[in-house]
């Protein structure tokens with residue numbers, strides 16, 4: 001269960017409604033609950049009661065969906081896996097339930113290509129960001145989307161503390177991630193050419209743009225394997241994308257560097273914990 005889903009849980013439970021987490025791994029569910037509790041404890045601008053957060057396994061998915069108005073898919077950035085999950089949700093969810101994908105690079109128009117669903121008008125993209133203080137969420141439909149459902153989700157996002165942005169046309173990478181992709185790619189290219197170290201790149205980036213993290217630090221948080229999956233998708237979808245950034249990432253991954261999640265990426269997080 002990735003961090004962005006946990007941030008989703010925080011927002012969607014902010015007005016007292018129940019949120020249900022579904023995952024195959026019990027440890028992931030428990031880690032998710034602990035993280036959400038931490039985010040709630042740190043929240044200084046919340047009034048009212050938090051909603052309940054319940055957990056369940058995929059085996060009970062149909063009963064979990066019975067009274068849901070919205071279900072968000074947040075599986076790894078694998079197109080076939082996303083299609084499988086969306087098809088299952090379309091089969092099991094009540095007719096009135098909106099289905100959304102939290103994919104960070106695949107637009108819903110790509111996920112739905114070639115699929116035959118009972119009701120594709122209710123399916124859309126709803127991509128949120130990390131860290132928790134980032135309230136942006138991007139809502140993107142497709143050619144058959146019901147405009148009323150898009151408007152409903154935009155309205156509900158705003159009411160739950162998100163800052164919703166409507167992606168008005170099919171767009172690989174949505175709005176922000178298209179720009180972020182260029183920054184990542186140039187960062188990796190700069191590293192592959194030996195122009196600067198990760199520490200130097202992050203330092204100058206933060207100095208100029210006044211951001212809390214530099215691009216190497218941010219990629220470590222996302223996970224370098226996930227970054228590579230996203231870069232592969234861009235390369236498959238667009239022409240002229242250089243290969244050196246992906247080659248650099250593959251070498252890092254093959255060397256056991258995945259980022260924060262395994263303690264080693266552009267930086268040594270195990271050393272920092274000592």
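The values are calculated or read from the model by the stated rules, or taken from the named source; none is laboratory data. Quick caveat: nothing in here was measured; it's all calculated off a predicted structure. Backbone-built Cβ (ideal geometry, glycine too); neighbour counts: all protein chains shown.
Any residue at all in segment 264-274 that is under 30 Å from residue 12 (Cβ atoms), modelled with pLDDT under 95 and outside the structural domain of residue 128 (by TED's automatic domain parsing)? Yes: segment 264-274 contains one or more residues that are under 30 Å from residue 12 (Cβ atoms), modelled with pLDDT under 95 and outside the structural domain of residue 128 (by TED's automatic domain parsing). Looking at segment 251-266, which of the residues that are more than 13 Å from residue 191 (Cβ to Cβ) and in contact with a helix residue (DSSP H, G or I) (Cβ under 8 Å, 6 or more places away or on another chain) is surrounded by the most Cβ atoms within 10 Å (Cβ to Cβ)? The extreme case among them is 259. Kindly indicate whether residue 72 is under 15 Å from the mean Cα position of the chain (by Cα) and outside any helix (DSSP H, G or I). Yes. The single condition among (1) surrounded by 14 or more Cβ atoms within 10 Å (Cβ to Cβ); (2) within 24 Å of residue 106 (Cα to Cα) that residue 205 does not meet is (2).
Could you look through segment 232-246, keep only residues that are outside any helix (DSSP H, G or I) and free of Cβ contacts under 8 Å to residues at least 60 places away in the same chain, and pick out the one that is surrounded by the most Cβ atoms within 10 Å (Cβ to Cβ)?
Keep residues of segment 232-246 that are outside any helix (DSSP H, G or I), which gives 238-243.
Next, from what is left, pick out any that are free of Cβ contacts under 8 Å to residues at least 60 places away in the same chain: 239-243.
Numbers: 239: 5, 240: 5, 241: 15, 242: 13, 243: 11.
Residue satisfying both the conditions and the ranking: 241.
Going by the structure shown, is residue 88 touching a residue at least 12 places away in the same chain (Cβ under 8 Å), more than 21 Å from the chain's Cα centre (by Cα) and farther than 17 Å from residue 18 by Cα? No; evaluated as a whole, the condition is false for this residue. Of everything in segment 34-63 that is surrounded by 13 or more Cβ atoms within 10 Å (Cβ to Cβ) and out of contact with any helix residue (DSSP H, G or I) (no Cβ under 9 Å at 6 or more places or on another chain), the residue that is farthest from residue 15 (Cα to Cα) is 38.
Which residue is nearest to residue 241 (Cα to Cα), if the candidates are limited to segment 183-195 and must be surrounded by fewer than 19 Cβ atoms within 10 Å (Cβ to Cβ) and in contact with a helix residue (DSSP H, G or I) (Cβ under 6 Å, 6 or more places away or on another chain)? Per the criteria, the residue is 189.
A single entry from 123, 75, 85, 153 fulfils the requirement of being touching a strand residue (DSSP E or B) at 6+ places or on another chain (Cβ under 7 Å) and under 24 Å from residue 28 (Cβ atoms): 85. Set side by side, the residues 29, 81 differ, and just one is within 23 Å of residue 111 (Cα to Cα) and outside any loop (DSSP other than H, G, I, E, B), which is 81.
Mind checking which residues of segment 153-173 are surrounded by fewer than 16 Cβ atoms within 10 Å (Cβ to Cβ), closer than 21 Å to residue 10 by Cβ and touching a residue at least 12 places away in the same chain (Cβ under 8 Å)? Don't jump to the end; show me each part of the working.
Applying the first criterion (surrounded by fewer than 16 Cβ atoms within 10 Å (Cβ to Cβ)) to segment 153-173 yields 155, 158-159, 163, 166, 168-171.
Checking the rest, the ones that are also closer than 21 Å to residue 10 by Cβ come to 155, 158-159, 163.
Correct list: 159, 163.
Could you say whether any residue in segment 44-53 is assigned to a helix (DSSP H, G or I) and either under 16 Å from the mean Cα position of the chain (by Cα) or outside the structural domain of residue 235 (by TED's automatic domain parsing) (or both)? No, that holds for no residue.
Scanning for something crowded, with 18+ Cβ neighbours inside 10 Å and within 25 Å of residue 62 (Cβ to Cβ), does segment 134-141 turn up at least one residue? Step through it out loud before you land on a result.
The initial filter retains those residues of segment 134-141 that are crowded, with 18+ Cβ neighbours inside 10 Å, namely 137-141.
Filter once more, so that each one left must be within 25 Å of residue 62 (Cβ to Cβ): none.
No, that holds for no residue.
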